[in-house]
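K.L.:
The structure's right below; bear with me while I get my questions together.
The values are calculated or read from the model by the stated rules, or taken from the named source; none is laboratory data. Being a predicted model, the structure only gives us computed values, none of them experimental. Here the Cβ is made from the backbone with ideal geometry for all residues, glycine too, and neighbour counts use every protein chain on show. SASA here: full protein model, heavy atoms, side chains in, ligands and nucleic acids out. Shrake-Rupley method; radii C 1.70, N 1.55, O 1.52, S 1.80 Å.
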Number of protein chains: 2
Amino acid sequence: MSEFTTLDHENLSTAVYNALCDGLMQGRFQPGDRLKIRDLAEQFGTSVTPIRDAILRLAHDEAITFRSPRDIRIPQMREARYREIRAIRIRLEGLAAETAAHTATRTQIDLLENILRDNEKALAEGDRRKGSALNQSFHFMLPQIAGLPVLTGVLRRLWLQMGPLIADSYLQGGRTMIDYHYPVVEALKRHDGAGAAMAIIDDIQLGGQAVLANVLAHDGVAVNA
Amino acid sequence: MSEFTTLDHENLSTAVYNALCDGLMQGRFQPGDRLKIRDLAEQFGTSVTPIRDAILRLAHDEAITFRSPRDIRIPQMREARYREIRAIRIRLEGLAAETAAHTATRTQIDLLENILRDNEKALAEGDRRKGSALNQSFHFMLPQIAGLPVLTGVLRRLWLQMGPLIADSYLQGGRTMIDYHYPVVEALKRHDGAGAAMAIIDDIQLGGQAVLANVLAHDGVAVNA
DNA sequence: ACGCCACAGATGATGCATCATATTGCGCAT
DNA sequence: ATGCGCAATATGATGCATCATCTGTGGCGT
C-alpha cells in the first residue's frame, strides 16, 4: 500500500473516497488489511476528518467493515456473498445490456471496440492492472450507454465490494476475461436486446469462473495466507 | 418536520442516519425541503459532527442532494428516474420473490400474512403512515426470506430515494397498494418461483400506478396516469 | 512459573473552533 | 426609484483537541 496521488479539486472527503475506491478496484488493498484513520490522514496529507468521512462512506458501501469499533478492515469475500452479487449483476447488467442494445449509437459502439482493442493490448503486454481497469470500463459503459444513472450507481457499489477480489482474479482469468465481451458488442450492433443480455450474462458466469474459483480458494476451509 | 425521538445506543452518526431514514420513509420530509446541519444538531441534541456524517451518508445514497455546496435539499423525483428505479426493482424484487418461493418456511409465510392482516386493518382505519410502513415491510420480507443481504441493502437504498414519494403516494393508492400482495403469498405457498416473481412484478407495476401518477403530477408535463 | 490486574499506548467518536464562501439585505449612487 | 456593490450573516468544510474504550505488555502475587 504505497502513497496515493494528489487529491485535486472540490471536496476533500470525496477526493479521498475516490482515491480509496480506486485503490480498492486496483487491488491495492488485500482482504484483511487494516486501515487506520490517522495513518491515512498522514499519507494523504489531510486531517483525520476527510479521511473519516471517506471511511464512513466506504463502510456504508460495505466495501470495508468495522470488525470491532476500532478495527477497520478490508473484508474477505465469502462464497455466498459472491454468488448473491453475481445473481444481482446478472439481473442488472442484463437490464443494462438490453437497454443499451436499443439505444447504442455508432459512436458509442466504437468506444466499446476501442476498449476491447486496448484490453487486448494490455493482455498481450501482460499489464494486469490496466486489463482489469479496462474490463471494468467495458462493463460500466453499458449502463452509461443505456442512460441509466441509478443503475450505474448500484453497480458501482457492487463492484466496489468485489474490488480486491476482481483485481486479484484478473491475474488468473486470462483471455476468458475478455472473450465474452465480443458477443456483447455484436449484439449491440444488431440492436438485439435479448442477445446482448444473454451475452453479458455469459460473460458474468463463464468469464467470471476464475473469480469464483478464487473465492472458493480463499473462502473454503483451508484459509491460509 | 417535528422533533425526532431519542437516539439510543451505539453510534450517534448511525442513529441520526437511521432517524433521518425513518423520517424520509414516513414522508416527514417533502421534496424541496432544505436541511440545515446546525438546526438538525439542535433538534437531535448533538453536535454537528454526527449530523454531518449522517447527511453525508444520505447524500451518498442520493436520498438528499447538495443543490449548491451549502444548500442541502430533498430532491424531487423525476419521471425518468422513477421509471429507472422501477425497472431495477422489477429485476431485483423479482429475484427476491423467486428465491424466497424456494426457501420460504411456514413460519415466514405466517409472518407475511400477519403483515397483510395488519395492513388491512391500517387501511380500514385510514392509518396511512402505518399502511405505508407495512407495505414497505412486506416488500423487504422477500429478500430477507430469500436470505439475500446484499440485495436487501440495494433495495433499501432505492426505497430511500423513493421515500418521500412513496409515503405521499400511498394516500392515493388505496387498496391497489395491497391487493397485489396476496398472489405473492399464494405463490410462495406453492413454492412457485416464477409465479412469485410475476406477482411481485404485477404489484410494482400495477400497484405502483398511483406512484407513477404522483410523479407525473409533480414532474414534467401533465401526462395522465 | 503461570495467571491476573493495572497502566500506558493506540485509535475511533465526538464536540467544537475556525475558515471559506455563498447568500442576502441594506445603502449609496445614478 | 432602481440597480450595483459591499458588508453582515449563514452555513458547510476542515482541522484539531479531547474523550472513551480497546489492546497489549509488564509487573506483581500466588
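K.L.:
At A:Pro31, label 7 Å along Cα→Cβ: distances to the other copies, nm, ascending?
P.N.:
Label point to label point, same position, other copies: 4.2 nm.
K.L.:
Using helices alone, what [θ] at 222 nm do you get for chain B, with -39,500 (n - 2.57) per DSSP H run of 4 or more residues, divided over all residues and rounded to the nearest 500? Numbers along the way, then the final one.
P.N.:
Numbers: 11 runs with 157 residues, N = 225.
Computed mean residue ellipticity for chain B: -22500 deg cm²/dmol.
K.L.:
Inside 10 Å of the C-beta atoms of A:46-56, what's the mean count of C-beta atoms belonging to other chains?
P.N.:
Working: counts 0, 0, 0, 2, 0, 0, 3, 5, 1, 0, 9.
Mean partner shielding for this stretch: 2.
K.L.:
Related question: How far, in nm to one decimal, is A:Glu62 from itself in the other copies if the label point is set 7 angstrom along Cα toward Cβ? Shortest first, please.
P.N.:
Those separations, rounded to one decimal, come out as 1.9 nm.
K.L.:
Could you compute how fast the protein assembly as shown diffuses translationally, taking Rh as the Kirkwood radius over C-alpha pairs and applying Stokes-Einstein at 20 °C with viscosity 1.002 mPa s? Give it in µm² per second. Walk me through the numbers on the way to the answer.
P.N.:
On the way: Rh = 23.4 Å.
Taking Rh from Cα pairs, D becomes 91 µm²/s.
K.L.:
Averaged over its residues, how many other protein chain Cβ atoms are within 10 Å of peptide A:139-150's Cβ atoms? Walk me through the numbers before you get to the answer.
P.N.:
Values: counts 0, 0, 0, 0, 1, 0, 0, 1, 2, 7, 4, 12.
Mean partner-chain Cβ count within 10 Å for A:139-150: 2.
K.L.:
Additional query: Give me the angle, in degrees from 0 to 90, between the Cα long axis of helix B:149-173 and the longest principal axis of the Cα atoms of chain B, rounded to the nearest 10.
P.N.:
Between helix and principal axis, roughly 90 degrees.
K.L.:
Still on this structure: Compute the normalised compactness of the stretch B:163-219: alpha-carbon radius of gyration over 2.2 N^0.38 Å, N being the residue count. Can you show the working numbers first?
P.N.:
On the way: Rg = 12.8 Å, N = 57, 2.2 N^0.38 = 10.2 Å.
Rounded to two decimals, the normalised Rg is 1.25.
K.L.:
Please compute P(r) over all alpha-carbon pairs of the stretch B:12-73, binned at 10 Å starting from zero, and give each bin as a whole-number percent.
P.N.:
Bin by bin from 0 Å, the calculated values are 24, 62, 14.
K.L.:
Turning to a different aspect of this structure: Keeping all protein chains in position, work out how much accessible area B:Lys130 exposes to a 1.4 Å probe, and write it in Å² to the nearest 10.
P.N.:
Answer for B:Lys130: close to 90 Å² accessible.
K.L.:
Would you mind checking the tilt of helix B:193-202 against the longest principal axis of the Cα atoms of chain B, expressed as 0 to 90 degrees and rounded to 10?
P.N.:
Rounded to the nearest ten degrees, it is 50.
K.L.:
All other residues with a Cβ under 14 Å from the Cβ of A:Leu188 taken together, and with Lys, Arg as +1 and Asp, Glu as -1, what is their net charge? Numbers along the way, then the final one.
P.N.:
Details: positive: A:Arg106, A:Lys189, A:Arg190; negative: A:Glu93, A:Glu98, A:Asp110, A:Glu113, A:Glu186, A:Asp192, A:Asp203.
Result for the neighbourhood of A:Leu188: -4.
K.L.:
To the nearest 10 degrees, how steeply does helix A:209-219 sit against the main Cα axis of chain A, on a 0 to 90 scale?
P.N.:
30
K.L.:
Note the direction-averaged projected area, equal to a quarter of the hull surface, for the Cα convex hull of chain A, in nm². Let's see the in-between values first.
P.N.:
Numbers: hull surface 50.7 nm².
Its Cα hull, projected and averaged over all orientations, spans 12.7 nm².
K.L.:
OK, next. In the Gaussian network model of chain B, springs joining C-alpha atoms below 10 Å, which of B:Pro183, B:Pro69, B:Pro164 carries the largest mean-square fluctuation?
P.N.:
Highest fluctuation of the listed residues: B:Pro69.
K.L.:
Would you tell me the mean number of C-beta atoms belonging to other protein chains that fall within 10 Å of each C-beta in A:81-91, as a whole number? Could the numbers behind the result be given before it?
P.N.:
Numbers: counts 3, 1, 2, 10, 4, 0, 7, 8, 0, 2, 7.
Other-chain Cβ atoms within 10 Å of each residue's Cβ, averaged: 4.
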